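The values are calculated or read from the model by the stated rules, or taken from the named source; none is laboratory data. These figures come from a predicted structure and were not determined experimentally. So basically every Cβ, Gly included, is an ideal-geometry build from the backbone, and we count neighbours across all protein chains shown. The accessibility values were calculated without ligands, DNA or RNA, using every heavy atom of the protein model including side chains. Shrake-Rupley method; radii C 1.70, N 1.55, O 1.52, S 1.80 Å.
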Amino acid sequence: MKKAKQLKQENLAQLSEQMAIPTYDRAQVKIGIVHVGVGGFHRSHEAYYTDQLLETGEIAWGICGVGLREGDRKMRDILKAQDYLYSLLVKHPDGKVENRVVGSLVDFMLSVDDPQAVIDRMANTETKIVSLTITEGGYNFHPVTGEFRIDNPDVQHDLEHPDKPRLIFGYLTAALQQRRAAGQAPFTVQSCDNVPHNGDMAKRMLLAFAKAQDPELAAWIETHVRFPNAMVDRITPVTTPADIELLENDFGVVDGWPVTCEPFCQWVIEDQFSDGRPEWEKVGAQFVPDVTPYEKMKICLLNAGHSVLGLLGSIHGHETIDGAVRDPLFARYLRAFMDIEATPVLDEVEGIDLDLYKDSLIERFSNPSIKDHLARICLESSAKLPKFLIPTLRENLAAGGHIAYATLVIAAWCYYSDKGVNRHGEALDIVDEMKSELHQAAAATSEDALSFLRMEPIFGELIDNVSFTSLYQKMVTDLYKNPDIAILMRSVLEDN
Ligand code: CS2
């Protein structure tokens with residue numbers, strides 16, 4: 001076999017025999033988008049759509065990636081060494097793997113190296129959009145009140161050092177300040193995170209920060225900057241060494257950090273932009289006046305469904321989403337959760353049959369080629385569950401609906417946070433910004449069965465809801481007596 005070739009612009013033509021490569025002239029591509037948070041998801045989703053659009057000849061929409069943390073250096077270094085090119089491996093359920101080199105990323109900056117350069121890049125009038133995948137936790141909101149956490153030490157730092165911010169809000173504020181001072185139109189701030197009303201959320205958080213810094217600028221931002229809401233969707237597991245090997249052995253290409261994803265891809269965006277936008281509709285995105293029903297459907301069914309499988313499955317000893325959903329008990333539990341607890345809180349979505357949507361989710365979750373690890377799903381649960389699952393619980397409690405499926409997930413989350421092991425006693429790798437608070441609250445369960453629910457920033461007033469706490473108390477007590485989660489799942493299924 002021929003020696004594998006390093007992924008690089010100069011080797012592209014030779015690699016084109018094995019895989020699809022960009023056919024547009026990357027040297028001519030202008031940077032129209034600055035994207036903060038270049039992880040797997042950005043690269044399988046927005047960068048993929050944009051790459052497809054560049055193929056149509058719209059070369060004003062290249063992407064400059066930005067990393068705000070030291071931890072982003074590895075991604076920057078790897079991508080820089082391969083001229084910001086990377087492989088996107090689309091894995092089909094029948095084992096077929098499609099591979100395309102994505103070329104829409106044309107630069108990458110690390111703010112920790114030069115904060116002013118990042119501010120200037122955003123402020124440059126060529127930048128029409130600053131898009132974000134900063135994760136649910138990156139918005140710095142209080143999970144219960146929804147307020148901006150102004151007391152966060154990093155926010156305080158950014159208010160004192162506007163030219164050397166640490167968080168996204170400091171960068172956006174500084175760049176928008178430059179645009180305003182120069183009498184230029186602002187860029188659009190486009191969130192691509194799994195947060196309900198992600199654009200409104202980005203707006204509220206940015207305004208809270210900007211107000212604390214310069215109320216006049218905040219008023220200008222409020223009037224002139226657009227923050228389209230969007231529903232984003234493509235399952236993108238963490239890249240593994242096996243993916244890198246597959247590329248080298250089967251495609252003859254050396255890529256330090258490829259991305260793998262499922263074939264399905266969806267992006268529904270509200271059509272409101274401050275300074276123009278790419279015609280992403282030419283390559284499959286949907287522009288709509290109001291994204292609310294789409295995003296609620298996706299978050300309450302897909303993301304919550306993931307969390308249901310993630311937490312229950314971790315305790316049971318499952319490792320991946322496809323493994324969990326191929327277990328008949330988990331498949332039944334997931335479907336019943338979707339039908340009995342999630343569907344009642346959803347609105348009609350024009351053109352979408354919810355039953356078919358749920359079938360398609362289960363099919364997507366079952367894709368055996370996508371090894372989506374439960375560890376990724378459970379990562380940062382303290383930021384995810386208050387967006388994915390707890391609102392459904394609250395709505396059902398208020399309407400007198402069913403809550404047992406979701407309540408068992410909360411009890412499982414407590415056990416998981418306390419013990420950090422599955423039912424066989426094997427260690428689970430818990431990664432969460434609030435790991436120690438979660439552990440502390442959960443560890444007091446044997447003395448006070450409701451101690452986990454006393455975490456006010458997560459559960460708020462739910463601690464006072466007796467319908468919920470009495471059911472939770474019974475479940476958590478049973479789980480602590482016998483961590484065989486399958487018994488409790490069966491009993492929820494029988495009772496409901
Ligand atoms: C997952 C999402 O992080 C999670 O818990 O539910 O990353 C999910 O895979 C994506 O939103 C799919 O679009």
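Within the accessible surface of the chain, defined with a 1.4 Å probe on protein heavy atoms only, the carbon and sulfur portion equals 50 percent.
Here the gap between Glu348 and Glu461, fully extended at 0.36 nm per residue and compared with their Cα-Cα distance, gives a gain of 37.8 nm. For the peptides 321-330, 396-405, the ranking by mean Cβ contacts within 10 Å, running from highest to lowest, is 321-330, 396-405. Assuming 0.692 mPa s and 37 °C, estimate D for region 243-386 with Stokes-Einstein, Rh taken as the Kirkwood radius over Cα pairs, in µm²/s. In µm²/s, the coefficient is 190. Region 124-176 has equivalent-ellipsoid semi-axes of 21, 16, 8 Å, by the square roots of 5 times the alpha carbon gyration tensor eigenvalues, sorted largest first. With the biggest extent put first, the Cα atoms of the chain measure 63, 63, 42 Å across the principal axes.
Spatial offset of region 271-320 relative to region 165-185 amounts to 29 Å, using the alpha carbon center of each.
Only protein heavy atoms count here; under a 1.4 Å probe, Lys419 has an accessible surface of about 90 Å². The value of relative contact order for region 5-288, using C-alpha pairs under 8 Å at least six residues apart, is 23 percent.
Across q = 0.22, 0.24, 0.30, 0.31 Å⁻¹, region 15-71 modelled as identical point scatterers on its alpha-carbon atoms has Debye log10 I(q)/I(0) values of -0.91, -1.01, -1.22, -1.25, in the order of the q list. With R₀ set to 41 Å, the beta-carbon distance separating Arg69 from Glu363 gives a calculated FRET efficiency near 0.70. In region 5-288, inverting the average of 1/r over every pair of distinct C-alpha atoms gives 19.3 Å as the Kirkwood radius. Restricting to DSSP H runs of at least four residues, report the calculated mean residue ellipticity at 222 nm for the chain, -39500 (n - 2.57) per run over all residues, nearest 500 deg cm²/dmol. Mean residue ellipticity, 222 nm, calculated: -12500 deg cm²/dmol. Estimated translational diffusion coefficient (Stokes-Einstein, Kirkwood radius over Cα pairs, 20 °C, 1.002 mPa s) of region 178-301: 125 µm² per second.
Modelled spin-label separation between Ile59 and Ala398, with each label point placed 7 Å from Cα along the Cα-to-Cβ direction: 5.2 nm. Taking a quarter of the surface of the Cα convex hull of region 260-331 gives a mean projected area of 6.8 nm². Simple spin-label estimate for Lys96 and Asp484 gives 4.4 nm between the two label positions (7 Å along the Cα-to-Cβ direction from each Cα).
For the residue pairs Lys371/Lys474; Lys74/Lys435; Lys96/Lys298; Lys384/Lys474; Lys5/Lys282, alpha carbon separations beyond 29 Å are given by Lys371/Lys474; Lys5/Lys282.
Annotation: per residue accessible area for region 5-288 equals 38 Å², rounded to a whole number [probe 1.4 Å, protein chains only].
Seen from all directions on average, region 51-137 presents a Cα convex hull projection of 7.7 nm².
Measuring nothing but how far apart in sequence close Cα pairs (under 8 Å, 6+ apart) lie, relative to its length, region 292-495 scores a relative contact order of 26 percent.
The mean sequence distance of close C-alpha pairs (under 8 Å, at least 6 residues apart), as a share of the length of the chain, puts its relative contact order at 14 percent.
Maximal additional length on extending the Glu437-Gln178 stretch stands at 89.3 nm, based on 0.36 nm per residue less the C-alpha distance. Using equal-weight Cα scatterers in the Debye expression, the normalised intensity of region 292-495 in log10 at q = 0.10, 0.14, 0.18, 0.19 Å⁻¹ is -0.38, -0.76, -1.33, -1.49.
For Asp290, put the label point 7 Å out on the Cα→Cβ axis and report which residues of region 392-416 keep their amide N under 19 Å from it. Taking a point 7 Å out along Cα→Cβ of Asp290, no residue of region 392-416 has its backbone N under 19 Å. For the pair Gln116 and Ile430, the difference between a 0.36 nm per residue extended length and the Cα-Cα distance amounts to 109.5 nm.
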